[in-house]
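Participant: Before anything else, here's the structure in question.
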Amino acid sequence: MARVVGEIQCIFFSEFHHIAGPRISHQVPEEFPLRDLFDAVRDLVITKPRLYNRLISVEVCGHRVVGCPKCIEDKRYDRNALIFNFVFVFDSSTDTAPFEPVIQKLGDTFRTYELESSFLSSEETRGRLPEILESIRRNLNSFGYSTISIDATNRLHLKITPSLPDPPEVLDHHVPIFTCTREDIVRTSWDLTIDQILPYINGFNHVKKIASESEVDINITRVCIQHLVLYGFLKLISIFQVSLHVLSHIIIAVN
């Protein structure tokens, strides 16, 4: 089944309790039916040490559950460790790849907050987690990014990274065609090699000729053109299509 970009259905904060074991401490929204789902994945949410700091994604009960378990070892914690996980729940058809950097960053950031100010182990500050998680869920679903003030000195910035299609194959006989103005690319380009080949992209030159005239290695030229096609600045046609187009104009002119 093809994956689609979907919404975050639920975010929950799970931790290991020294008596109760793995548990859900906070979830948003509160009404989301999470109990059976959590029972099915609890050993992957609060895991063994070999899986700490690793992104874990599992499909269960029609949902995809993604988290990244963290552990802080310190004698001040029960059993000398704080083990926790911020877990996102999606529909099983959702492409979760764009959300994975967000999930990793969320866990890493709160690990830092805990080390610096005991944010997760202090009842006063951890009480803000439902508010924070709901803001994250709402903002990411609505806008694709979220900026939240954690305290007077810390702000949490999260942004969904869109999935890009596989890069197109670029062959020597392909002719790149602009889908925008050359000036648009110049304004957004941060690559000096791209700037070097741009003057030789004119709707007639094929890739090999562009490399030759710009004096850029053919493999590097292919990569630059591939990059521009991937981001929608160029499209590729065959040199034979260009030849037929030119020939048709010559015939029309003669007639």
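The values are calculated or read from the model by the stated rules, or taken from the named source; none is laboratory data. Since the structure is predicted, the reported quantities are computational estimates derived from the model, not experimental observations. Glycine also receives a Cβ, built like all others from the backbone with ideal geometry; neighbour counts cover every protein chain displayed. SASA here: full protein model, heavy atoms, side chains in, ligands and nucleic acids out. Shrake-Rupley method; radii C 1.70, N 1.55, O 1.52, S 1.80 Å.
Participant: If a paramagnetic tag sat 7 Å from the Cα of GLU73 along the Cα-Cβ line, which residues of segment 33-52 would have the backbone N under 15 Å from that point?
Facilitator: 48-52
Participant: Please work out how many pairs of lysine residues in the chain are eight or more positions apart (or on different chains) and have Cα atoms closer than 23 angstrom.
Facilitator: 8
Participant: Turning to a different aspect of this structure: Find me the longest stretch of the chain that has none of the exposed trypsin sites (Lys or Arg not before Pro), where exposed means in a DSSP loop (not H, G, I, E or B) with at most 15 other Cβ atoms within 10 Å.
Facilitator: That would be 129-255.
Participant: Got a number for carbon plus sulfur as a percent of the chain's accessible area, 1.4 Å probe?
Facilitator: 53 percent
Participant: Here's a follow-up. Between GLU134 and ILE19, what is the label-to-label distance in nm when each label sits 7 Å out along the Cα-to-Cβ direction?
Facilitator: So the label points at GLU134 and ILE19 sit 2.9 nm apart.
Participant: Quick one: if you stick a label point 7 Å off each Cα along the C-beta vector at LEU192 and VAL58, how many nm between them?
Facilitator: Result: 5.1 nm between the two label points.
Participant: Please find the FRET efficiency linking ARG50 to PHE143, where r is the Cβ-Cβ separation and R0 is fixed at 35 Å, and quote it to the nearest 0.05.
Facilitator: The formula returns an efficiency of 0.45 here.
Participant: Continuing with this model, one more query. How much mean residue ellipticity at 222 nm does the chain get from its helices, if each DSSP H run of length 4 or more adds -39500 (n - 2.57) and you divide by all residues, to the nearest 500 deg cm²/dmol?
Facilitator: Mean residue ellipticity at 222 nm (helix-derived): -11500 deg cm²/dmol.
Participant: Hey, another quick one. Working from the alpha-carbon coordinates of segment 46-124, get Rg over Rh, Rh being the Kirkwood radius.
Facilitator: When Rh is taken as the Kirkwood radius, the ratio is 1.02.
Participant: What number in nm² do you get for the chain if you take the convex hull of its Cα atoms and divide its surface by four?
Facilitator: For the chain, averaging the hull's shadow over all directions gives 19.9 nm².
Participant: With an 8 Å cut-off on Cα pairs and a minimum separation of 6 or more residues, tell me the relative contact order of segment 41-117 in percent.
Facilitator: The normalised contact order for segment 41-117 reaches 27 percent.
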